[in-house]
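Written below as structure tokens is the structure these notes are about.
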Amino acid sequence: MKGLDVLVEARLPTKFGNFRLIAFPGKNKDKENLALIMGEIEGEILVRIHSECFTGDVLHSMRCDCGEQLDLAMEKIADEGKGIIVYLRQEGRGIGLVNKLKAYNLQDDGMDTVEANIALGFGAELRDYSEAAAILRNLGVTQIKLMTNNPSKTEELEKDGFEVCQINHATLANNENKDYLRTKAEKMNHKFD
């Protein structure tokens, strides 16, 4: 692979099937980014760019839809027999885990996710998808069926030279995350069915 150095590659059997897991160096030296790959990477490929969410991905928090989106992406890739999940280590829209937990407290006091980030001194959205683009280029991907509700991901990848077909990637709302999802739609232009 060209461009990025592969740190390690390993076989990863999951409940969705067998994947290859490749670690790439991240901008933050303490946080590697990952590519979870199933099948042959050729032609237009199903892709999910997923930002780390410890509370959703690992602890199955109901406050967000992250863990459900990750599971849904793995399921869709397994159904198709090929695809890539790029897992970026940019927790809490880029503000980190501790600040995300502080934002949770502000949300419990009535702020939405955007207002909470701003109250903590951050922008509404600090995530950067350039590392995902570098990983995809490294893997030889140029045509993407991108599983996302976030049009800015699509726009960034298109500006980076990828051919992108956006596939809406929504999960069902619950009582804990319905306001969060509404904020994503109204303030961050996320598209939901």
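The values are calculated or read from the model by the stated rules, or taken from the named source; none is laboratory data. Here the structure is a predicted model, which means the values were calculated and not measured. Don't worry about glycine lacking a Cβ; one is built from the backbone with ideal geometry, like all the others, and counts go over all protein chains shown.
Name the residue that is surrounded by the most Cβ atoms within 10 Å (Cβ to Cβ), counting only residues in segment 30-45 that are part of a loop (DSSP other than H, G, I, E, B) and without any contact (Cβ under 8 Å) to a residue 60 or more places away in the chain.
GLY39
When segment 127-150 is examined, which residues are found to be within 13 Å of the chain's Cα centre (by Cα) and surrounded by 14 or more Cβ atoms within 10 Å (Cβ to Cβ)?
ARG127, ASP128, TYR129, GLU131, ALA132, ALA133, LEU146, MET147, THR148, ASN149, ASN150
Out of ARG48, ARG20, I need the residue that is at pLDDT 95 or above, buried (at least 16 other Cβ atoms within 10 Å of the Cβ) and charged (D, E, K, R). Which one? Even if it seems obvious, please write down each step before you answer.
Values: ARG20 fails: buried (at least 16 other Cβ atoms within 10 Å of the Cβ).
Sole residue among the options that is at pLDDT 95 or above, buried (at least 16 other Cβ atoms within 10 Å of the Cβ) and charged (D, E, K, R): ARG48.
Residue by residue through segment 81-107, note down the ones that are over 17 Å from GLY56 (Cα atoms) and of a type outside the set (Val, Ile, Thr).
Across segment 81-107, the qualifying residues are GLY81, LYS82, GLY83, LEU106.
Check ALA119, ALA78 and return the single one that is among the small types (Gly, Ala, Ser) and within 19 Å of the chain's Cα centre (by Cα).
Only one candidate passes the filter, namely ALA78.
Within segment 75-88, take every residue that is surrounded by fewer than 20 Cβ atoms within 10 Å (Cβ to Cβ) and not small (Gly, Ala, Ser) and give me the one that is nearest to GLY26 (Cα to Cα).
LYS82
Just to be sure I understand the filter: pairs with C-beta atoms under 9 Å, separated by 6 or more residues or on different chains, first member in segment 151-170 and closer than 14 Å to VAL47 by Cα and in a loop (DSSP other than H, G, I, E, B), second member among the acidic types (Asp, Glu) and modelled with pLDDT under 90. Which pairs pass?
ASN168/ASP193
Out of segment 96-117, which residues are exposed (fewer than 15 other Cβ atoms within 10 Å of the Cβ) and assigned to a helix (DSSP H, G or I)?
Correct list: LEU97, VAL98, LEU101, ASN105, ASP108.
Taking the conditions exactly as written (buried (at least 21 other Cβ atoms within 10 Å of the Cβ), out of contact with any strand residue (DSSP E or B) (no Cβ under 6 Å at 6 or more places or on another chain), farther than 18 Å from LYS187 by Cα and at pLDDT 95 or above), does LEU72 satisfy them or not?
no
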